[in-house]
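Bear in mind that the values in this text are calculations on the coordinates, not laboratory data. Worth saying up front: this structure is predicted, and the values here are computed from it rather than measured. Cβ sites come from the backbone with ideal geometry, for glycine too, and all protein chains shown count toward neighbours.
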Ligand SMILES: Nc1nc2c(ncn2[C@@H]2O[C@H](COP(=O)(O)OP(=O)(O)OP(=O)(O)O)[C@@H](O)[C@H]2O)c(=O)[nH]1
Ligand SMILES: [Mg+2]
């Protein structure tokens, strides 16, 4: 599946650096017969560190970066000179990145904050030089510690999108079309079901310099929880969105029923999905004339348990109001 501006899953190999060896050097100088031990410590191996970056929205930049290796620590030298630490390697990841051990599939940690840093492969400690091992009875130890070897891991990064608004709807409801109208994303749009196979993200520019992120996901149908349609696996992408925008086309045979089905599928995926703020947009309202619209409005005012508005992505109706409403909900 090449569709989608979105990479939400990558596997990689990370390796920290070896710690440098401690030196077992004995001091030598003209005219000084018995120099003491002066071997310096080895440097620490570099860490591989994951760092949260709020400006990233996908793992796309890591798609072809399969191996990350940090630098080795240098060995200690004479005259108590310390080996330099190996260079750390930073891997920038979007917020909401879950890191697993590929072999055991266990979650190692999650990055949720901008600037948050977590070491995924720890650099080996440098060994202590012989200078540390002087004792009353042994003034010239020849012993120095070796450095601790590096650590390596196969990890899987998986992204739970932290978009602000997640679109929920049956296939063909017009989700991707809406995304294409309010953002510069170019999702595939077509008059058949399951056009969208992977999530798309777009940044909605709102009035002066404000933005929020909208996530378009594949359509949901009744029975998704049992795997019908594309199932509901991709719902994890909107698990953390703060608002769910339900899109139901104006020509749906029963709008209230569609809403109930969608809600039920969300509940079966994860009951906490129902704790989010939601709003309904009746899409494709350009297909209604004024009379029909008034009729429908009367019906929906009675039927729908949450606020709704009419929109048409194609005719650009209600789009500004929709953005205003979403912005208000996000900031309340
Ligand atoms: N008349 C009208 N048609 C629309 C509007 N928005 C979308 N459509 C049409 O509805 C069809 C489905 O649109 P999509 O945006 O692909 O729908 P989707 O919800 O993303 O569908 P899936 O990806 O299959 O879940 C396309 O033929 C669109 O041209 C609208 O505002 N008015
Ligand atoms: Mg779509």
message: Given contacts defined as C-alpha pairs under 8 Å and at least six residues apart, what's the relative contact order of the chain, whole-number percent?
response: 16 percent
- prompt: Gaussian network model of the chain, Cα springs within a sub-10 Å range: biggest mean-square fluctuation belongs to which of 60, 263, 300?
  reply: 300
- request: Pairs of Cα atoms under 8 Å, at least six residues apart: use those to get the relative contact order of region 3-159, whole percent.
  value: 37 percent
message: Would any residue of region 300-332 have its amide N under 18 Å from a label point 7 Å out along Cα→Cβ of residue 274? List them or say none.
response: 304-307
Degrees separating the helix 319-331 axis from the principal Cα axis of the chain, which is the longest one: 50 degrees
Mean-position separation - Cα centroids, region 157-181 and region 294-329, in angstrom: 17 Å
query: Which angle between 0 and 90 degrees, to the nearest 10, do you get for helix 290-303 versus the longest principal axis of the chain when only C-alpha atoms count?
result: 60 degrees
- request: Subtracting the Cα-Cα distance from 0.36 nm times the residue separation, let me have the gained length for residue 139 to residue 65 in nm, one decimal.
  value: 21.6 nm
Between helix 255-269 and the chain: long-axis angle, C-alpha atoms, 0 to 90°, nearest 10: 20 degrees
query: Taking the mean number of other Cβ atoms within 10 Å as a proxy for protection, how do you rank 287-299, 190-202 from highest to lowest?
result: 190-202, 287-299
- prompt: With the chain treated as a Gaussian network of Cα nodes joined by springs under 10 Å, which of 100, 207, 278 yields the largest mean-square fluctuation?
  reply: 207
field: Cα centroid separation, region 38-80 to region 210-226 (Å)
entry: 38 Å
task: Report the full-extension gain for the segment residue 257 to residue 286: residue separation times 0.36 nm, less the Cα-Cα distance, to one decimal in nm.
output: 8.3 nm
query: Anyone know which of 70, 136, 224 comes out most mobile in the 10 Å Cα GNM of the chain?
result: 136
- prompt: Can you give the extra length, in nm with one decimal, that the chain gains between residue 302 and residue 205 once fully stretched, where that is 0.36 nm per residue apart less the Cα-Cα distance?
  reply: 31.6 nm
- line: Relative contact order as a percentage, region 79-197, C-alpha pairs under 8 Å and 6+ apart, gives 22 percent
- line: Quick note on 310, 209, 109, ordering by fewest other C-beta atoms within 10 Å, gives 209, 109, 310
